[in-house]
Amino acid sequence: MKKTIYSIACLSFIVGMLFTSCVSNKKFAASEANVDKLKKDNANSLNQLMDCNALVKNLKEQQSSLQNQNASVENDLKILSTESKMTIADQAKRLKSLQNMIQAQRDVMTNLKNSIAEALLNFKADELTVYIKDGNVYVSLEEKLLFKSGSDVVDPKGKEAIKALARVLNGTKDITVNIEGHTDNVPIKTKLFEDNWDLSTARATSIVRILTIDNGCDPNRITASGRSQFHPVKPNETAEGRAGNRRTEVILSPDLNELYKLLYQ
């Protein structure tokens, strides 16, 4: 009987120890989980603190930059205020000079346009047009006046038109000349021309040679350029429209150096 009681007591003690051990393990696991959570929270807090510090630093740099910019603007204003000695009367006089110069340029270009139109009276309206646009004089020469299809060789009648134009240009000073070749949107690829860029540029260059070599125009004030198909004046959907886009434009521009000098003096 005593042995039985002793055995039961021992068994109870062992069960109690096991139960206590199980509870301790659970508490330990919970503690570890709590520690991990605290570590993560601490890491997040540190990251947030670093972000805040970076933001504060960035704001300080922006503030410093703005202060420098304000100081620079204030300094520029002081310099302008110190250097500007123009009275209202001076400004009015300068404005009047600008207006007179602009009007004089307009008169020059109008007279030039009229002179060119008169020199080219023998040519038909469907062969060339002369007009003023954006302060420049345009002489638009149709393909049928100058070239055969796909060629950059100027026809005799076209040479006569260029010769008449050259006589006016040679008698006009302070004018720059830009020759622009234009095509329609039909692709071209031949032994001479890789594409429409080639053709339009070659045609412009042919006009320049006739103006300078054959008719004595100053090459220093002439530029040749090709614009291919990308600046049409008519829709390319019709034969008539494509024909209108195959053109060479002679663009005459006034010398604006004196005007710029007056503007920025």
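Observations
- Exposure proxy ranking, count of Cβ atoms within 10 Å, fewest first, for D184, D255: D255, D184
- The H on the amide N of I132, modeled in the peptide plane, is under 5 Å from the matching H of Y138, each at least 5 residues off or on a different chain.
Every read-out reported here was derived from the displayed coordinates using simple, explicitly stated rules and does not represent laboratory data. All figures in this text were calculated on a predicted structure; none of them were measured in a lab. Neighbour counts run over all protein chains shown; Cβ positions are idealised from the backbone, glycine included.
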